[in-house]
Amino acid sequence: MFRKIGVFLEMIKIEHTLFALPFAFMGTLLGSVVINGHLPSWAQIGWILLAMIGARSAAMGMNRLIDRYIDAKNPRTAKRAIPAGMLKTGEVAVFVVVFFGLFLWATLELSRFALQLFPIAAFLIIAYSYTKRFTWLCHLVLGATIALAPLGGWAAVTDSFSWSSLVFYIAVAFWTAGFDVIYACDDIDFDRREGIYSIPSRFGLEKALKIAQGFHAVTAAGLIALAFMTPLGWWYAAGVVIACSILFYQHRIVKASDLSRVQTAFFTMNSWLSGIVFVFTLIDLVVKYW
């Protein structure tokens, strides 16, 4: 049983939750403070955590189901749970249904407005995996999907959107799209051979990395804009400076002629970035409101 649980956790890359979860909590914090004038309750934070676990687990399980035949052909992904025979498609399908149920339950407990957004999130979670079959804009679709985490956190505690929440949404969407373009560089040969759509397979490595830089410039601009659109102050500004430095360094270590550090740029740098921005935002808001 424990071995099977380990296989499921490896399948959904539970450690990659570090990417979006801090931004989901940041959206919750900002929405509650900017709109409601106080920090969110522990109950709200708990339900948002469960919603994130449910949504991300369902999304990864769905992706592994939909891409199982592609994964089996790609040497980089052939050892994933389904193509390697460690999990059956029926088991993964049940897993997806259970975690979609968890996502829906948490959404029901948060707010009516959040519940109204659930179908949009469910549609994007399912649709994303198909986009690589027909458009190189798939990276932006992934960004639009993952960025629902901070937007959903904001909506769940405020029952509304604002310009600040939308700017934050755009910043996270382009951050995700940018690092997904970098990650896709590793599969450029396979994607071209199998007819998989991606920015690297469409434009080549050099242009793809420049496009990723452009996406991350949008992220930096969005994070900076938040400082002027919300009550955030110097602590947040310090976090943004560090985040922008990480983005800059990420693009320094990955070059078209040397992709050996793609994994560092993809996982290590991005998990640090979201965590740092969240921690500095939390300090900023606690100093002001506690």
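The values are calculated or read from the model by the stated rules, or taken from the named source; none is laboratory data. What you see is a predicted model; the values in this text were computed from it and never measured. Reconstructed Cβ throughout: ideal geometry from the backbone, glycine too, with neighbour counts over all protein chains shown. The area values use the complete protein model at the heavy-atom level, side chains included, leaving out ligands, DNA and RNA. Shrake-Rupley method; radii C 1.70, N 1.55, O 1.52, S 1.80 Å.
Could you please let me know if Ile170 is over 17 Å from Thr230 (Cβ atoms) and in contact (Cβ under 8 Å) with a residue 40 or more places away in the chain? Walk me through how you get there before you give the answer.
Working: over 17 Å from Thr230 (Cβ atoms): no; in contact (Cβ under 8 Å) with a residue 40 or more places away in the chain: yes.
So Ile170 does not fit the description; no.
Anything in region 46-60 that is open to solvent by less than 50 Å² (accessible area, probe 1.4 Å) and either more than 17 Å from Phe19 (Cα to Cα) or touching a His at 6+ places or on another chain (Cβ under 7 Å) (or both)? List them, or say none.
Step one: of region 46-60, the residues open to solvent by less than 50 Å² (accessible area, probe 1.4 Å) are 46, 48, 51-52, 54-60.
Answer for region 46-60, where residues must be open to solvent by less than 50 Å² (accessible area, probe 1.4 Å) and either more than 17 Å from Phe19 (Cα to Cα) or touching a His at 6+ places or on another chain (Cβ under 7 Å) (or both): just Gly46.
So for region 96-109 (the condition being more than 30 Å from Arg193 (Cβ to Cβ), open to solvent by 60 Å² or more (accessible area, probe 1.4 Å) and modelled with pLDDT under 90), does at least one residue qualify?
As a first pass, look at region 96-109 and keep what is more than 30 Å from Arg193 (Cβ to Cβ): 97-109.
Within this subset, residues satisfying the condition of being open to solvent by 60 Å² or more (accessible area, probe 1.4 Å) are 97-98, 104-105, 108-109.
Filter once more, keeping what is modelled with pLDDT under 90: none.
No, that holds for no residue.
Out of (1) surrounded by fewer than 22 Cβ atoms within 10 Å (Cβ to Cβ); (2) outside any helix (DSSP H, G or I); (3) not basic (Lys, Arg), the odd one out for Leu232 is which?
(1)
Looking at this structure, is Val96 within 21 Å of Tyr169 (Cα to Cα), in contact with a helix residue (DSSP H, G or I) (Cβ under 8 Å, 6 or more places away or on another chain) and in a helix (DSSP H, G or I)? If you could, list the steps in order and put the result at the bottom.
Numbers: within 21 Å of Tyr169 (Cα to Cα): no; in contact with a helix residue (DSSP H, G or I) (Cβ under 8 Å, 6 or more places away or on another chain): yes; in a helix (DSSP H, G or I): yes.
It is false that Val96 is within 21 Å of Tyr169 (Cα to Cα), in contact with a helix residue (DSSP H, G or I) (Cβ under 8 Å, 6 or more places away or on another chain) and in a helix (DSSP H, G or I).
So in region 251-266, with the set limited to residues that are open to solvent by 60 Å² or more (accessible area, probe 1.4 Å) and part of a helix (DSSP H, G or I), which one is nearest to Asp187 (Cα to Cα)?
Step one: filter region 251-266 for residues open to solvent by 60 Å² or more (accessible area, probe 1.4 Å), giving 252, 255, 257-258, 260-261, 263.
Still in the running and part of a helix (DSSP H, G or I): 252, 263.
Details: Arg252: 20, Gln263: 12 Å.
Taking the candidates together, the pick is Gln263.
Only one of these is part of a helix (DSSP H, G or I) and open to solvent by 40 Å² or more (accessible area, probe 1.4 Å): Ile170, Ile125, Ile182. Name it. So that I can check it myself, show each step before the final result.
On the way: Ile125 fails: open to solvent by 40 Å² or more (accessible area, probe 1.4 Å); Ile182 fails: open to solvent by 40 Å² or more (accessible area, probe 1.4 Å).
Going through Ile170, Ile125, Ile182 in turn, the sole match is Ile170.
Inspect all residues belonging to region 150-165 and state whether any of them is assigned to a helix (DSSP H, G or I) and surrounded by fewer than 19 Cβ atoms within 10 Å (Cβ to Cβ).
yes
If we scan region 187-195, do we find a residue that is open to solvent by less than 10 Å² (accessible area, probe 1.4 Å), not aromatic (Phe, Trp, Tyr) and not in a loop (DSSP other than H, G, I, E, B)?
Within region 187-195, the first condition is being open to solvent by less than 10 Å² (accessible area, probe 1.4 Å), and the residues that meet it are none.
Checked region 187-195: no residue is open to solvent by less than 10 Å² (accessible area, probe 1.4 Å), not aromatic (Phe, Trp, Tyr) and not in a loop (DSSP other than H, G, I, E, B).
What is the residue count in region 172-205 for residues that are of a type in the set (S, T, N, Q) and under 20 Å from the mean Cα position of the chain (by Cα)?
Of region 172-205, the ones of a type in the set (S, T, N, Q) are 176, 198, 201.
Now drop any that are not under 20 Å from the mean Cα position of the chain (by Cα), which leaves 176, 198.
Number of matching residues: 2.
Working only within region 72-86, note down all residues that are in contact (Cβ under 8 Å) with a residue 60 or more places away in the chain, farther than 11 Å from Gly61 by Cα and open to solvent by less than 20 Å² (accessible area, probe 1.4 Å).
Passing the criteria: only Asn74.
Can you confirm whether Ile199 is open to solvent by less than 40 Å² (accessible area, probe 1.4 Å), farther than 30 Å from Asn36 by Cα and in contact (Cβ under 8 Å) with a residue 40 or more places away in the chain?
Values: open to solvent by less than 40 Å² (accessible area, probe 1.4 Å): yes; farther than 30 Å from Asn36 by Cα: yes; in contact (Cβ under 8 Å) with a residue 40 or more places away in the chain: yes.
Against the criterion (open to solvent by less than 40 Å² (accessible area, probe 1.4 Å), farther than 30 Å from Asn36 by Cα and in contact (Cβ under 8 Å) with a residue 40 or more places away in the chain), Ile199 qualifies.
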